[in-house]
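I have placed the structure first, in the form of structure tokens, so that the comments after it can refer back to it.
The values are calculated or read from the model by the stated rules, or taken from the named source; none is laboratory data. No experiment lies behind these values; they were computed from the predicted model shown. In this analysis, Cβ positions are derived from the backbone assuming ideal geometry, glycine residues included, and neighbour counts consider all displayed protein chains. Heavy atoms of the whole protein, side chains included, go into the accessibility calculation; ligands, DNA and RNA do not. Shrake-Rupley method; radii C 1.70, N 1.55, O 1.52, S 1.80 Å.
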Amino acid sequence: MYKASGTVGVKSRLGLGSPTLVAGLVPRLVLALLAIPRTHEIWFVPFLRSKAAIDPWTSFLSAGGDPAAFPYGFLFLVAYQPTTWFGGTLGGNYGAHVGLTLSVLLWELMLVGAIAAIGGDRRGDAAAKMYWLSPIPIYVGYWHGQLDVFPTALMVLGFAAAQIQAWRRSGMLLGAATAAKLSMAVSLPFVMLYLLGRRRLQIFGPRFAICLATAIFLFAAPFTLFPGYREMVLGTPEMQNIFAAKAAITEKLEIYLLPLAFLGLFYWAWRIRRLNFEMLWTLVGLAFLALLLFTTAAPGWIMWLMPFIAMHVADRGFMHRVVYWAFAAAFIAIQLTQATGAHLVVGPDLSAPLAGMSPLFRGRALPILETLLLSAGLAMGLQMAFSGILYQPFYLASRSPFAIGVAGDSGTGKDTLMDALQDLFGRHASSRLSGDDYHLWDRQNPMWQAVTHLHPKGNEVDVFNQNVLALVDGHGAASRHYDHSSGRAGLVDNIPSREIVLVSGLHALWSPIIADRFHVRVFMHMDEDLRRFLKLRRDVAVRGYPPEKVLTAIERRQSDRERFILPQADNADVIFRLEPRHASAISDIRRPIDTALLRLIVIFRRGKNFDEATRLMMALCGVYVTESSLGDGRLQVLIEGEPTADDIAALARRLVPGMADFLAVEPKWHPAMTGIMQLIILHELDSVRRKRAFVS
């Protein structure tokens, strides 16, 4: 979570006394005191020192001011006018310049704190240092004197809020950034695709959109009533820059490169569908890179891109840094020769573009620099696309759903485990298919006297298999719902394929055609006395069956259980077996079972290593864990204890951090052995995720 204050964020990330902070702070303070940018001198300071409080734009123009002096709205006034006014009161125009520059510095500190928060501990530190030591922000903010760090900071703070699912705050911040600088709206289509493409996040879309629209309306709409605002802020020629770069197809046919790049990125994001935060961040960075490369961009525009460049280069290899420094050198060289600079308080006036001092730049030098900037920028864009999207583990792992199949006898806890998994992954992001919905006949049908529910012939196994395959392949399926309370089949439900496909049933692992398609195969076993106890409690108390009928059915199904159910354990990756620690736990059917009196035996397929999970379970959850090897090479793990839901959540964050993008926004972990089963299945799924990424 990012800090409320950027200075606090910087202190926590860089340390106020660190050499890194000093190395970036000294040139900023020196330039703030000794260099007065021409933009400050002729534009920003005169406007910000004007007296009108309600409509400074119209008043400034009425007094003969330059319409290009301050093409910014109300929020820019809030961000920069107080310190400019205070400095001007103490020291005239020079004091106003110093006050304005100190505001730039404060917003930079805020931006650095947000960058560090988004990147996390190691990457965030590196990204913050990369930004802080880069010559580009120093040139833009303190030599050329642009103010674009402010909307950039608002935008990045908005992304930091989105990363922690604070969507109302994110909407307000991104709305404020857009109201401050319309170009910040470049990020909004990608944020909306991010919300729409992840079912677990779709519920946050309306609250984000409402806060976004509210902020834009409050901070921009009222001021459009002022004629000066319309001329200075809305009448800027920047919109024409969208069509600055074009390529000729024929003598009469041209294409505009920037709209083409935007449409291409948007279409790519739409085709990907499921974005995680890293992919969203990268797509927005690529959009701002296109905006810089394919327009006649003002020097300050590169500030919109700098947080994305810093994060990209922070933890990458040598060639990424080489490309970045080539890009930075070309950019600064071009701007020094083409854009205004500053005059020194003590020293020469360097406010005129340097190109006017040498005819060399009117020949080959400038085209060479422009070519270097474009080629380095395109190379950096390719690097960002590969590292931030195409090689991103979430992208590689989420191109098709993850499928979990759970088989087992009646009364072994399949539905309980399915409920727990849906709590973990989110009901909006998971599809659920139950084998009970494929019983051939209603409960009262006399055919059940000849065939039990455990026999494949009593179920539409082929239809079940077809629907499982459809969901795993990313297609929807239609299934009627079996109502256990009435014993009849209900209406047909359309089940969409989502990020996680959960399948349970008596025969979920019976057919090889679907067993091979599950990414995690689970068989629910249980101590027979415990199973009978739980089945009696469920079928008598919940489903309303007479106890005698339940016991008769158990005995009658025993043969089919051994023929058709138990052999499915051979197809499983994981076998869960619950058993009571004491016989007293299942002595009275009228009394709910005490989960503290249960222990879990887990049997893993051959070759499974569970050492790290065992160590962390014992250390973080306080459970008793023993491992042993079975004669066929499988690993058996016995687990006893009473871990809380918080214990298991903390263990998951340590054991499977890479699965965070697949969980619900607020995953519900269960306590005791159900929570341990949630964790083990997530651990198995993480192995599949890493294998997918490696193979891809």
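Structure above, values below:
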{"item": "Tensor-based shape of the chain (alpha-carbon gyration tensor, a/c under 1.5 rounded, otherwise prolate or oblate)", "result": "prolate"}
{"item": "Angstrom value of the Kirkwood radius, inverse mean 1/r, which spans all Cα pairs in the stretch 29-70", "result": "11.1"}
{"item": "Exceeding the 25 Å Cα-Cα cut-off - candidates LYS129/LYS691; LYS51/LYS181; LYS414/LYS691", "result": "LYS129/LYS691; LYS414/LYS691"}
{"item": "Within the chain, helix-based [θ] at 222 nm, where runs of 4 or more DSSP H residues each add -39,500 (n - 2.57), nearest 500", "result": "-15500 deg cm²/dmol"}
{"item": "0 to 90° range, to nearest 10: angle between helix 672-695 axis and the chain longest Cα axis", "result": "60"}
{"item": "For peptides 372-378, 223-229, 553-559, sequence by mean Cβ density within 10 Å, most packed first", "result": "372-378, 223-229, 553-559"}
{"item": "Accessible area of the stretch 414-533 divided out per residue, in Å², using a probe of 1.4 angstrom", "result": "41"}
{"item": "DSSP bridge orientation in the chain - percent antiparallel, rounded to nearest 5", "result": "60"}
{"item": "The chain - percent of accessible surface contributed by carbon and sulfur, probe 1.4 Å", "result": "61"}
{"item": "C-alpha long axis of helix 149-163 to longest principal axis of the chain, angle in °", "result": "0"}
{"item": "Taking the stretch 49-129 and dividing mean pair separation by its residue count, relative contact order in percent (alpha carbons under 8 Å, at least six apart)", "result": "17"}
{"item": "Accessible area of the stretch 234-385 divided out per residue, in Å², using a probe of 1.4 angstrom", "result": "48"}
{"item": "Probe 1.4 Å, protein heavy atoms only - accessible area per residue of the stretch 595-667 in square angstrom", "result": "49"}
{"item": "Peptide ranges 269-276, 503-510, 671-678 listed from the most packed, as the mean C-beta count within 10 angstrom indicates", "result": "503-510, 671-678, 269-276"}
{"item": "Length-normalised contact order for the chain - Cα pairs under 8 Å, 6+ apart - percent", "result": "11"}
{"item": "For peptides 149-156, 617-624, sequence by mean Cβ density within 10 Å, most packed first", "result": "149-156, 617-624"}
{"item": "Relative contact order for the stretch 160-238, counting Cα pairs under 8 Å that sit 6 or more residues apart, in percent", "result": "37"}
{"item": "Three-way shape label, the stretch 234-315, alpha-carbon gyration tensor, a/c 1.5", "result": "oblate"}
{"item": "Nearest 10 degrees, 0 to 90: helix 461-472 Cα axis against the chain principal axis", "result": "20"}
